[in-house]
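Remarks on the structure that follows.
The values are calculated or read from the model by the stated rules, or taken from the named source; none is laboratory data. All values reported here derive from a predicted model rather than from experimental measurement. Counting neighbours? That spans all protein chains shown, and the Cβs are built from the backbone with ideal geometry, glycine included.
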């Protein structure tokens, strides 16, 4: 009876700080468990489905893990093609991958390979979470539609552990997502012609953008982008302008700033401040609670997602307007045709963050509401 009690406790609930993912995954594999492992971190949650001890699918609250974002980041489809495919989901009642295959935009073999890569990368990301909770729901079926896989746990665990070790090395140089890097022209000149992946990074480096900015622009996971940047650093192609990692020294001051913004009802600004804080210091539980409260307030004032937006400025004025990278990303997608819902569908940011940004840009006079979109709303599956 004691063994059964211990097994139940180990399998159902715990803290990642006391029981790592390696042990959890191995326990599920050896026991050939079927069910859903729910993992909650400081900013995102993930649900990993198991069937007979093998990984069958992953759901994530992080938009960067969505299938559409993977396809966009690899230039396999355009934003217009993604938006049209997402809009067709309700009528066709199919997962996104199947719709793209049916439209001959991608082969079934390739979409299966990409779904597997997306699934593995989403899991590897959780191995880097220092804090979080887990709970295994025995015999529960996944509550999201997706292409089912059958992935062996051993390979996932080995790669996850390897990335943890590599992450420690990377963090000695690139200390946080607030790090800033710059090109080394004389070294780059000797390496021409450049590999496409190096050229894409160098095109975006301006000695002002942070790693976080690059992640958004390139739709790349933090580990893979930081790994690439670290390799370029070792080759001398880029240099460290600012190693980052400063946020922990000033986190309390930022928290007080966020509180003051909330008191002044500047909710969007408070939300952005808290998100920046948690990105660098996910252990601040007070900031997490504050962010949840702010999001609830913002939801009460949310925009009608069927509204269509258009630019309120000319292109010359827009280019002279100071905007954060996430604001510029969304503003440049506004075309006077897509609704707010459509714009959210192709964005790598959470819906509430998109709504917050749109509201802010409308207040600043960068965007304006054009007209009401079609009545009703669509239910879209983004994975």
Single residue of segment 120-148 satisfying the filter (out of contact with any strand residue (DSSP E or B) (no Cβ under 6 Å at 6 or more places or on another chain) and part of a loop (DSSP other than H, G, I, E, B)) that is modelled with the highest pLDDT
128
Got at least one residue in segment 284-291 being modelled with pLDDT of 85 or more and either within 20 Å of the chain's Cα centre (by Cα) or within 18 Å of residue 370 (Cβ to Cβ) (or both)?
no
Residue in segment 299-319 that is touching a helix residue (DSSP H, G or I) at 6+ places or on another chain (Cβ under 8 Å), in a helix (DSSP H, G or I) and modelled with pLDDT under 80 present
yes
Can you tell me which residue among 211, 153 is within 23 Å of residue 60 (Cα to Cα), crowded, with 19+ Cβ neighbours inside 10 Å, in contact (Cβ under 8 Å) with a residue 40 or more places away in the chain and in contact with a helix residue (DSSP H, G or I) (Cβ under 9 Å, 6 or more places away or on another chain)?
153
Can you find even one residue in segment 124-135 that is farther than 24 Å from residue 353 by Cβ, touching a residue at least 12 places away in the same chain (Cβ under 8 Å), buried (at least 16 other Cβ atoms within 10 Å of the Cβ) and in the same structural domain as residue 78 (by TED's automatic domain parsing)?
yes
Which residue, of 182, 176, is assigned by TED's automatic domain parsing to the domain that holds residue 235 and in contact with a helix residue (DSSP H, G or I) (Cβ under 9 Å, 6 or more places away or on another chain)?
176
So residue 244 clears everything in (1) on the phi < 0 side of the Ramachandran plot; (2) part of a loop (DSSP other than H, G, I, E, B); (3) buried (at least 16 other Cβ atoms within 10 Å of the Cβ) except one condition, right? Which one?
(1)
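Okay, residues lined up against (1) part of a helix (DSSP H, G or I); (2) surrounded by 19 or more Cβ atoms within 10 Å (Cβ to Cβ):
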{"position": "178", "(1), (2)": "no, yes"}
{"position": "193", "(1), (2)": "no, no"}
{"position": "224", "(1), (2)": "yes, no"}
{"position": "232", "(1), (2)": "yes, yes"}
{"position": "239", "(1), (2)": "no, no"}
Which one of the conditions (1) in contact with a strand residue (DSSP E or B) (Cβ under 9 Å, 6 or more places away or on another chain); (2) at pLDDT 90 or above does residue 370 fail to meet, given that it meets all the rest?
(2)
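Each row is one residue, and each column tells you yes or no for (1) surrounded by fewer than 20 Cβ atoms within 10 Å (Cβ to Cβ); (2) in contact with a strand residue (DSSP E or B) (Cβ under 7 Å, 6 or more places away or on another chain); (3) modelled with pLDDT under 90.
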residue: 325; (1), (2), (3): yes, no, yes
residue: 330; (1), (2), (3): no, no, no
residue: 334; (1), (2), (3): no, yes, no
residue: 340; (1), (2), (3): no, yes, no
residue: 352; (1), (2), (3): yes, no, yes
residue: 359; (1), (2), (3): yes, no, yes
Restricting attention to segment 157-171, does a residue exist that is in a loop (DSSP other than H, G, I, E, B), in contact (Cβ under 8 Å) with a residue 60 or more places away in the chain, assigned by TED's automatic domain parsing to the domain that holds residue 66 and crowded, with 18+ Cβ neighbours inside 10 Å?
no
